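Accompanying notes for the structure given below.
Any read-out appearing in this document is the output of simple, stated calculations on the displayed coordinates, not a laboratory observation. Small disclaimer: the values here were computed from a predicted structure and weren't measured. Neighbour counts run over all protein chains shown; Cβ positions are idealised from the backbone, glycine included.
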Amino acid sequence: MGYQSNVQPKLFHYQLNLEQKIPQSHILRKIKEKIDFDFIYNEVRESYGGNGNVSVPPPIILKMMLLLVLYNVRSERELMTTIPLRLDWLWFLGYDLDSAIPNHSVLSKARARWGVKAFKTFFERIVWQCVEAGLIDGNKLFVDTSLIDANASNNSVVDRQSLKRYINDSYKCLDERLDDVEDEKTTPVNSRYISATDPDASIIRQGSGSSKLRYKTHRGVDPKHEVITTTKVTAASRDDSELLEEMIETHENNIQKGVDTVVADSKYGTIDNFLLSHDRGIKAHIPSIEETHRGSGRQKDIFFKEDFIYNPDDDSFTCPAGHILKKHHYHKKRQHYEYRASLESCGHCALREQCTRAKDGRSLKRHIRQNELDSMLKVAKSREAKKDIKTRQHLSERSFAQSTLYGYKRARWRRLWRMEIQDYLIAVVQNMQILIKQAGTRVANAAKAAAEYSKTFRIGVNSFLLSLFGLNFTWRNKKIDELCLMFIPHC
């Protein structure tokens, strides 16, 4: 039985090599082998001057931010405190045991200096690397959204109509935000109330929970290996349907290929999005928001629009009771015509209670591009569309569930531009995991295929020699092994 004695610590460690301490299977070793971080030099060159103190090399800063997300470290202070304790982190950063670790403020200053563009480029480079590795098909795009809790308390919410009493310099950003609020399509509560801590966050409630300050991330996923091809963060009050065109364009730009089919939930199933998909030649596998919510509220237990017959000859509708609904007027903003029956025929109709609860009778709306809209709605109801919509439920949820490992459910920082940086870093980490995993799978499959080929070759040569020379079993196997080694090195 041995006992530990008080040994004086060594002043020098001549045989310590960090390279030998990191296993070949370590994820940071695989990231270092596959990802080029030196690209950041060209991206941020304009952010540095020629005089003054020499900065921490940009690739090291980028790697530190990657570690922050990959290991879901709570804060940058904790990251800097932990780096000297982790041999793998030191090796990944190119440091040694006695290397000086920079102050945590280096990261926040770099984010402010670099801006969002550098991290967006980092994300796009990883996506393109996945394209080159054959991990992205690109024909289908699955789009979904998820809410992120802002790094601000509900106690910070103030009435923007009485902001004059906030004279501290830290509240100057609120005045800038007020101009933006007027132009946004937002809820009444967000047009009046604003957070003094994080003005870009929106007050929104999810399900039956309480209202909170939140952001919203919009994500596009390729179904082949679930690589995130496009992502964007907005205020939580932003309507999902407004971002579909931007998501499609970003996806196509990032993978340099046009998309054939877009799959999303009913929140994207607006008339504008169906016509957008039609104009771009894209199949929209999206449930119609109008059909999803019909039969509820004021429309409960009344005739659907499909129960009315459209007469193209005289551009009118015939109701289930046989009355004619004629074109009434045109809504320029919504680009549809409204059709109404006469007050007399509607007022004395026996089916009125099943048709409408409006005092002025039943009305129908028909878009000026209704024929094109009908063709897109028919595609959205096809068997293939229903299959894709069902696939989207677990594919998108799985992508967001994996993001929780990297702390996406709560904002690390404040303001929208910092949230974009966090979102890009999380997407980069997820795509890196897929890139590394699939690369390992392909190597294993190649080795397996080589082994199968070797076995087939061995059996073939075996049979040939037996039939030709009648060689004995032991000698034959020995000689066949030699032949295999000559012609197939991996045998």
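What the table shows:
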| quantity | calculated |
| --- | --- |
| Whichever aspartates and glutamates have a C-alpha closer than 14 Å to that of LYS34, once near sequence neighbours (fewer than 8 apart) are set aside | GLU132 |
| Point-to-point label distance, LYS21-ALA133, nm (Cα→Cβ direction, 7 Å offset) | 2.8 nm |
| Rounded Å value of the spacing that divides the Cα centres of the range 65-86 and the range 200-244 | 27 Å |
| Computed FRET value (nearest 0.05) for ARG86 with ASN155, which takes r as the C-beta separation and R₀ as 30 Å | 0.20 |
| Full-stretch length increase - LEU351, SER211 - with 0.36 nm per residue and alpha-carbon distance subtracted | 46.1 nm |
| Gained length - VAL7 relative to LEU147, 0.36 nm times residue gap less alpha-carbon distance | 44.9 nm |
| Violating pairs (Cα-Cα greater than 28 angstrom) within the set LYS21/LYS409; LYS216/LYS390; LYS326/LYS378; LYS232/LYS390 | LYS21/LYS409 |
| Estimated distance in nm for a label pair at LYS333 and LYS390, the labels positioned 7 Å out from Cα along Cα-to-Cβ | 4.1 nm |
| Cα centroid separation, the range 141-160 to the range 115-135 (Å) | 26 Å |
| Positive-end residue of GLN433, HIS367, CYS355, charge dipole of the range 309-443 with Cβ unit charges | GLN433 |
| Added length on full extension, which subtracts the Cα-Cα distance from 0.36 nm per residue, ASN253 to LYS378 | 42.1 nm |
| Within straight-line cross-link reach of LYS381, aspartates and glutamates at Cα separation under 20 Å, skipping those fewer than 8 residues along the same chain | ASP144, ASP260, ASP265, ASP272, ASP279, GLU290, GLU291, GLU306, ASP307, GLU372 |
| Cβ-Cβ FRET estimate between ASP38 and ARG280, R0 fixed at 41 Å, reported to 0.05 | 0.65 |
